[in-house]
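Here's the structure we're looking at; comments come further down.
A short reminder: the numbers here are calculations on the coordinates, not readings from a lab. What you see is a predicted model, and the numbers here were worked out from it, not measured in a lab. Note: ideal-geometry Cβ built from the backbone for every residue, glycine included; neighbour counts use all protein chains shown.
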Ligand code: PLP
Ligand code: TYF
């Protein structure tokens, strides 16, 4: 039966983890996968999560099936975060939100729904993008192409080329946009540039799919969500996927969501019914624990305040590591301008290092980053940054 089955390639990023784990080098540092670790190099269990779990344990609730679209209080809390608690859109019942298996699950439910809605549409992702964007939309049956994004010479976004590409796209094309903290480059576009993107989406009748996997890691929860308000103000229908993997440090619980902005309450009801079919035919209904934790934190004022503080702590620690990275590289003898590292946002830095340099970092120094030159700044700490910057200086 399986004689002709071909070996599939490893995920380029998750595959690195296996290589890292097998490396006997005691000095090794993992800057590959996008995971936040604290000042001691440990994956944190947030205090707000621990407190919510204690409450949930105390209540010792039975585990029935959840509704297909998940916990109602969770979906409502997601909407408040993404669109703002007082958004008139929510009051008008114009957003269909479903609980999903992480941000990836939100993207997949949206992709499957879009494929049924408009089977001939093309999907555009940024060049470069999170690799799973291409794989996920391809597996959902779409032809996936890219729009220009990163400009290596400028160390930033090639916005003119990006906009020109969107303005030339066929009606119905699905455009996947990183709402904030672009993965892998760390370069975001400005509010004024977003306005131009929105104008292109509107005039060309494109379908915007915003991937918000890092809300709160750029400038703050509301600040990072501001782009959603810009889309709403333009009066277009669009998709937003949400992930709490990073912002709650709940990677393995698979907590995320998909929100679809519709033209009316009645339309929202029909869209929601279709999203529920996608979910029912894939995994029937979502799991309870992670969403219960997130809903408890978001709806309990004291825990909510604690979460916002802990998230700010992660955000500020990453920013401090960016500044330290620039300083320490200079100290280690790097003379080229590396100040671009502090203009990048979120968990990653596109370092500009080449594939051979990244390979040397791994083989000679046990410093693991992605071949594209991406390093996870959120995995740096006072203990490993000296070794990392000296290693980088040696390969530069
Ligand atoms: N989208 C982007 C841009 C990501 O970087 C990630 C990272 O994991 C995801 C989506 C997926 O998030 P999750 O782990 O919640 O599925
Ligand atoms: O880009 C990253 O490192 C994270 C984690 O298939 C990740 O988004 C990487 C690859 C993957 C799933 C998650």
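Some observations on this one:
- Rg/Rh, computed from the Cα trace of the range 65-299 with Rh as the Kirkwood radius, has the value 0.94.
- On Cα atoms only, tilt of 265-282 relative to the major axis of the chain in degrees: 60 degrees
- Whether the range 79-158 is rounded, prolate or oblate, judged on the alpha carbon gyration tensor where a/c under 1.5 counts as rounded: oblate
- In terms of other Cβ atoms within 10 Å, 276, 116 run from fewest to most in the order 116, 276.
- Here the range 249-396 is treated as an ellipsoid with the same Cα gyration tensor; its semi-axes, largest first and in whole Å, are 41, 20, 15.
- Rounded to 5, percent antiparallel among DSSP beta bridges of the range 65-299: 45 percent
- Three-way shape call for the chain based on the alpha-carbon gyration tensor, with the a/c threshold at 1.5: prolate
- Calculated FRET efficiency for the pair residue 316/residue 195, C-beta based, R₀ 35 Å, to 0.05: 0.75
- Helix-only CD estimate at 222 nm, as mean residue ellipticity for the chain, using -39500 (n - 2.57) per DSSP H run (n ≥ 4): -14500 deg cm²/dmol
- Gain on full extension, evaluated as 0.36 nm per residue between residue 382 and residue 284 minus their Cα-Cα distance, stands at 30.8 nm.
- Helix 385-395 vs. the chain, principal-axis angle (Cα, 0 to 90°, nearest 10): 70 degrees
- For the range 337-366, no residue has its backbone nitrogen under 12 Å from a point 7 Å from the Cα of residue 7, taken along Cα to Cβ.
- For the chain, the longest principal axis of the C-alpha atoms and the axis of helix 289-299 are separated by about 80°.
- Taking the number of Cβ atoms within 10 Å of each Cβ as an exposure proxy, the fewest-first ranking of 108, 355 is 355, 108.
- Cα gyration tensor shape of the range 168-318, rounded if a/c is under 1.5, else prolate or oblate by comparing a/b with b/c: oblate
- The gain in end-to-end length when the residue 154 to residue 59 segment is fully stretched comes to 28.7 nm, 0.36 nm per residue minus the alpha carbon separation.
- The fewest-to-most ranking of 237, 160 by surrounding Cβ atoms within 10 Å reads 160, 237.
- Segments 52-62, 299-309, 127-137 sorted - mean Cβ within 10 Å per residue, highest first: 127-137, 299-309, 52-62
- Inter-label distance, nm, simple model (7 Å from Cα along the C-beta direction), residue 309/residue 14: 3.6 nm
- The base-10 log of I(q)/I(0) for the range 28-147, evaluated at q = 0.13, 0.15 Å⁻¹, reads -0.86, -1.06 [Debye formula, identical scatterers on Cα atoms, solvent excluded].
- Computed extension gain for residue 38 through residue 122, at 0.36 nm per residue and net of the alpha carbon distance, reaches 26.2 nm.
- At R0 = 22 Å, FRET efficiency that the Cβ-Cβ distance of residue 86 and residue 223 yields, to 0.05: 0.85
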